[in-house]
C-alpha cells in the first residue's frame, strides 16, 4: 500500500471515530510536503504500518505500554501540583502496547530528520548512543521525573529559554481567536470544567495546531483572570492509530493508563472524558519546538534526557522491565542505529512519493 492510499484509508478510519476538520486536514496535507521531519510527525498512522515490516527483527522483543508517536518535539513542560516546572513527554495520544524498541527507533529516526534540517548539531551515531545511555540508565535505576527547579541545570536553561517572551506565546492565539467558528456543546462543557472557577466567561475558538493530530477538532477557551490571561484547550479523543494499522476495532484509550502508571509528576490540569483531552495552556505549559531552544546547547544532554524520559514511561509496565533489560543485553551493537536508518530511508521514500503525487494534483 502506498502513502496516498494509506492516508486516505486512515482519514476514513478517523472519520468513524470523530468529526474531522476538513480545512485542517487540507493544511496537514500541505504541511506534509514541507520537509521530512514534519512529514514524520504528521504520519504516525503510516509508521504504525511500516515499522513491523521494515524492522521484523525487533517484533519479538518484550512489549510495554508504549508512547508510539514519540519524536524529539513530543516533549514539553508543565507545572505539577506543587507548582514545580516539570519536563517530559508532552502527550500520549497514540499510547498502545508495543515492543519497547518501537519508541526508541521512532525517537532516533526523528533525530536523523532533525539533523538533516539543521535542528540538531550531532551525528546519527552519537544521537543513538545518547538516547540509549539515557534509556538504559532510567530502566536500571527505576527512573526519576525531571523536576527542573530541583536539578538538571543544562536542561532547565534550554527549557525556560522560550518563557522569556510570553507575548509571543499568546500572540499565536490572537489571530485564530478572530476567526468565528462553532464550538460543540460538549467541548464547551469540557472547557468550563478546566477553569479555576465555575461560571467564568471566556472566549472559545477553534485552534489549528500540531501535525499528527491536525485534522482533529481542537478548541481553546481564553479569558482574563485576576490580572492575566489564562487558557484551556480540549482536543478530540480518538483511539490509537495502532488499531488502524492492525486492522482492529476498539474504542479503548490508553492515554490515562500510561500517564498514571509512568514515573512522572502528573499535570494536574490534564483531564479526559469520553470525547475530549483537556489541558492548561500557558508559556510554561506547552510543547517545546526545537527551533525555540537556545542556539548554543548541549545536544547530548538533551538527547540523553529524552532517552531517560522514555524509560520513565516504559517503567509504567513493571511486569516486563526485567525482560526489557535482558533483551537490551542480547541486542547487537548498533541495533538502534541500523533500525533507525532503515525507518529513515523508508519514511523519506514515502515523503518523496507524497510530495510528488500531491504536487501533481495541485
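Can you pull out the residues in segment 194-209 that are outside any strand (DSSP E or B) and touching a residue at least 40 places away in the same chain (Cβ under 8 Å)?
194, 208
Do the conditions hold for residue 51, that is, is it within 14 Å of the chain's Cα centre (by Cα) and crowded, with 20+ Cβ neighbours inside 10 Å?
So residue 51 fails the test.
Looking at (1) in contact with a helix residue (DSSP H, G or I) (Cβ under 9 Å, 6 or more places away or on another chain); (2) modelled with pLDDT of 95 or more; (3) farther than 26 Å from residue 207 by Cβ, which one does residue 248 not meet, given that it meets all the others?
Failed condition: (2).
Among the residues of segment 210-227, what is the count of those that are in contact with a helix residue (DSSP H, G or I) (Cβ under 9 Å, 6 or more places away or on another chain) and over 21 Å from residue 32 (Cα atoms)?
Residues that pass the stated criteria total 4.
Being surrounded by fewer than 23 Cβ atoms within 10 Å (Cβ to Cβ), more than 25 Å from residue 258 (Cβ to Cβ) and modelled with pLDDT under 95, is that true of even one residue in segment 55-75?
No, segment 55-75 contains no residue that is surrounded by fewer than 23 Cβ atoms within 10 Å (Cβ to Cβ), more than 25 Å from residue 258 (Cβ to Cβ) and modelled with pLDDT under 95.
With respect to residue 25, determine if the residue is surrounded by fewer than 19 Cβ atoms within 10 Å (Cβ to Cβ), assigned to a helix (DSSP H, G or I) and under 19 Å from the mean Cα position of the chain (by Cα).
yes
From the list 173, 146, pick out the single residue that is closer than 27 Å to residue 311 by Cα and either at pLDDT 90 or above or surrounded by 14 or more Cβ atoms within 10 Å (Cβ to Cβ) (or both).
146
At least 1 residues that are in contact with a strand residue (DSSP E or B) (Cβ under 7 Å, 6 or more places away or on another chain), free of Cβ contacts under 8 Å to residues at least 40 places away in the same chain and within 17 Å of residue 324 (Cβ to Cβ) in each: list the helices (runs of 4 or more DSSP H) lying fully within segment 55-160 that qualify.
It comes to none.
The values are calculated or read from the model by the stated rules, or taken from the named source; none is laboratory data. These numbers come from a predicted model, not from an experiment. Ideal geometry is used to build each Cβ from the backbone, glycine not excepted, and the neighbour counts take in all protein chains shown.
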